[in-house]
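In what follows, a structure is listed as structure tokens, so that the remarks can point back to it.
The values are calculated or read from the model by the stated rules, or taken from the named source; none is laboratory data. None of the values given here were measured: they were computed from a predicted structure. For neighbour counting, all protein chains shown are included, and Cβ atoms are generated from backbone atoms with ideal geometry for every residue, glycine included. Just the protein is used for accessible areas: all its heavy atoms, side chains included, with ligands, DNA and RNA removed. Shrake-Rupley method; radii C 1.70, N 1.55, O 1.52, S 1.80 Å.
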There are 2 protein chains.
Amino acid sequence: MNLIAKTPAPPYYAVIFSSHQSEDSAGYAATAARMVELAAEQPGFLGVESVREELGITVSYWTDLESIRRWKQNAEHRMAQTSGMKKWYSSYKTRIALVERDYENPA
Amino acid sequence: MNLIAKTPAPPYYAVIFSSHQSEDSAGYAATAARMVELAAEQPGFLGVESVREELGITVSYWTDLESIRRWKQNAEHRMAQTSGMKKWYSSYKTRIALVERDYENPA
């Protein structure tokens, strides 16, 4: 299965979320799966790629900043963000980036 | 160990490299490690984050597009890119993105 997001031609936005988990992972997996499902229903969502080892990187792709802002403020997502900050992540960093160019193989 | 890159205040650039490996991984690990070492010596390099499961995501951070262009054309890196394209990756996608904002916890 190809897990690389099939995004349209640039420009579009990427939200790069890098994180370390804490010891407390109770409820994490179910919420993470639910957030992917919920994100995919949002206007402006283009795709997501996610990998976790010791470090986790999740990159979600969006048409524009307004879509990202709305998703950040989604009520169910806000509850998940609070749990993430309080319980699941010992540290994280979020970067909002404008994708200017992309290329792939096979094209 | 915190594997989240300690990047400066935006703006700066991110190169998001998403890939699936092929069956042929001979020489891959050594070259991948060498490329991280070599990238870190380049002008404009700010940091790198890398995770692999079925999907691999490597995000490298750079001060500007010119640094990214020079790194892409580095001779040793070009050899690695050729091996990657011919042998190690069944598919990949590279995205060049301008990081406009970031935030973290703990700050």
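Summary of the geometry: the stretch B:72-107 and the stretch A:11-38, compared by the centres of their Cα atoms, lie 22 Å apart. Of the GluC sites (Glu not before Pro) found in the stretch A:1-71, the ones in coil according to DSSP and having at most 10 other Cβ atoms within 10 Å of their Cβ are A:Glu23, A:Glu41, A:Glu54. So what is the orientation-averaged projected area of the protein assembly as shown, using the convex hull of its C-alpha atoms, in nm²? Directional mean of the projected Cα hull area for the protein assembly as shown stands at 11.7 nm².
Sorted from nearest, the other copies put their B:Ala75 label points 6.3 nm away, the label point being 7 Å from Cα in the direction of Cβ. Think of a 1.4 Å ball rolled over the protein heavy atoms: chain B then has 51 Å² of accessible area per residue.
Provide an ascending nm list, one decimal, of label-point separations from A:Glu23 to the equivalent residue in each further copy; define each label point as 7 Å from Cα along Cα→Cβ. Label point to label point, same position, other copies: 4.5 nm. Trypsin sites (Lys or Arg not before Pro), restricted to the stretch A:1-61: which are DSSP loop and have at most 10 other Cβ atoms within 10 Å? When the trypsin sites (Lys or Arg not before Pro) of the stretch A:1-61 are filtered for loop state and at most 10 Cβ neighbours within 10 Å, A:Lys6 remain. With label points defined 7 Å past Cα in the direction of Cβ, position A:Arg101 shows copy-to-copy spacings of 2.7 nm, given to one decimal and shortest first. Let a ≥ b ≥ c be the square roots of the eigenvalues of the Cα gyration tensor of the stretch A:36-107; is it rounded (a/c under 1.5), or, if not, prolate (a/b larger than b/c) or oblate? Since a/c reaches 1.5 but b/c is at least a/b, the shape of the stretch A:36-107 is classed as oblate. For the stretch B:1-52, the convex hull spanned by the alpha carbon atoms encloses 105 Å³ per residue.
Ignoring lysines fewer than eight residues from B:Lys87 along the same chain, the ones with Cα atoms less than 26 angstrom from its Cα are A:Lys6, B:Lys72.
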